[in-house]
Amino acid sequence: MAEIIADRELKLRKIFEASKDAIAVVSIDGDIIDINDAGVKMFGYTDKSEMLKIKTLQTYVEISDRVKYIKEIEEKGYVENYEVALRRKSGEVFYGLISSSAVRNKNGELLFIVTTIKDITEKRRLQEQIFQIQKMESIGRLAGSIVHDFNNILTIIHGSNQLLKMHAGADPVIDKYTSSISKGVEKAMDFTKKL
C-alpha cells in the first residue's frame, strides 16, 4: 500500500513539475505552500525557496482582484479562467489566466487552494493590436464616407458658382464673390484629399 501511495505521489510530482503553466498550492491566507518551476520562472524568482517566503497578495497588481478571487473560491469552491494583472519580482506587470480549486477536509473546511496560471500577456497584446487596427479601419471607413459626401457637396457648390459666373457676365462685384467661392472650394478639396 505504501508503495502504491509513493508511486502515485511521484507521478503527481512529475506532472506538477512538467507543466509549462504555473501550478501553485496556496493557503487561504495567501501563503505559497508549493509552486512548480514554471511558476517560479513566470514570477521572475531565482528559486522556489525565495518565492515561498512571499504572500500571493504581493503578486497582484490590484488587491481588489485577490479579494474577488478569494470570495469566488469560498462561495463556489473553484475559479475558472479568471483574468488578472499580476506582478513579477522585478515589478513588471503581466496578465495571467487563473483557474483554481479549493481542497477541503471531511468537515468542509478549506485546507488549501490548487491554482494554475497561464501567462496570457502576449495574447492580450495581440488582441489589443487587433482592436487598434479595427478601430483605425472603422475611422478610415467613416472618414472615407465623410469625404465622399463632402466632395458631393463641394461639386454642387463649384457647379453653382460656375453657373453664377456665366450669368453674371463681367460684373466686378459678383466676380469678386465667385472668386472667393472658388478659392474656398479649392481649399476644401485639398482638405478632403488630406483626410
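State all residues of segment 158-173 that are part of a helix (DSSP H, G or I) and open to solvent by 90 Å² or more (accessible area, probe 1.4 Å); if no residue qualifies, say none. Full working, then the answer.
Initially, segment 158-173 is screened for residues part of a helix (DSSP H, G or I), giving 158-168, 172-173.
Residues satisfying the conditions are L163, M166, H167, P172.
Taking the condition of being open to solvent by less than 50 Å² (accessible area, probe 1.4 Å), assigned to a loop (DSSP other than H, G, I, E, B) and touching a Phe, Trp or Tyr at 6+ places or on another chain (Cβ under 7 Å), how many residues in segment 43-89 meet it?
Qualifying residue count for the region: 1.
Given the condition hydrophobic (A, V, I, L, M, F, W, C), open to solvent by 80 Å² or more (accessible area, probe 1.4 Å) and in a helix (DSSP H, G or I), answer yes or no: does some residue in segment 174-188 qualify?
No: segment 174-188 contains no residue that is hydrophobic (A, V, I, L, M, F, W, C), open to solvent by 80 Å² or more (accessible area, probe 1.4 Å) and in a helix (DSSP H, G or I).
Among the residues of segment 109-120, is any within 12 Å of the chain's Cα centre (by Cα) and in contact (Cβ under 8 Å) with a residue 24 or more places away in the chain?
Checked against the condition, which is being within 12 Å of the chain's Cα centre (by Cα) and in contact (Cβ under 8 Å) with a residue 24 or more places away in the chain, segment 109-120 yields at least one hit.
Would you confirm whether any residue within segment 107-123 is assigned to a loop (DSSP other than H, G, I, E, B), open to solvent by 40 Å² or more (accessible area, probe 1.4 Å) and over 30 Å from K194 (Cβ atoms)?
Yes; the residues of segment 107-123 include at least one that is assigned to a loop (DSSP other than H, G, I, E, B), open to solvent by 40 Å² or more (accessible area, probe 1.4 Å) and over 30 Å from K194 (Cβ atoms).
Quick one: in segment 41-62, which of the residues that are closer than 17 Å to A85 by Cα and of a type in the set (A, V, I, L, M) is modelled with the lowest pLDDT?
L57
Among the residues in segment 138-157, are any without any contact (Cβ under 8 Å) to a residue 24 or more places away in the chain, part of a helix (DSSP H, G or I), of a type in the set (F, W, Y) and surrounded by 10 or more Cβ atoms within 10 Å (Cβ to Cβ)?
Looking for residues that are without any contact (Cβ under 8 Å) to a residue 24 or more places away in the chain, part of a helix (DSSP H, G or I), of a type in the set (F, W, Y) and surrounded by 10 or more Cβ atoms within 10 Å (Cβ to Cβ), one finds none in segment 138-157, hence no.
Which ones in segment 94-106 are open to solvent by 60 Å² or more (accessible area, probe 1.4 Å), in a strand (DSSP E or B) and not hydroxyl-bearing (S, T, Y)?
Result: R104, single match.
From the list I28, I70, I32, which residue is closer than 20 Å to R104 by Cα and in contact with a Ser or Thr (Cβ under 9 Å, 6 or more places away or on another chain)?
I32
Being under 28 Å from the mean Cα position of the chain (by Cα) and loosely packed, with under 13 Cβ neighbours inside 10 Å is the filter here; which residues of segment 19-40 pass it?
Within segment 19-40, K20 is the sole residue that qualifies.
With the requirement that a residue be polar (S, T, N, Q) and touching a Leu at 6+ places or on another chain (Cβ under 9 Å), what does segment 54-80 give you?
Residue satisfying the conditions is T59 alone.
The values are calculated or read from the model by the stated rules, or taken from the named source; none is laboratory data. Note that the structure is a prediction, hence the values are computed from the model and not measured. With ideal geometry, Cβ positions are generated from the backbone for all residues, glycine too; neighbour counts draw on all protein chains shown. Just the protein is used for accessible areas: all its heavy atoms, side chains included, with ligands, DNA and RNA removed. Shrake-Rupley method; radii C 1.70, N 1.55, O 1.52, S 1.80 Å.
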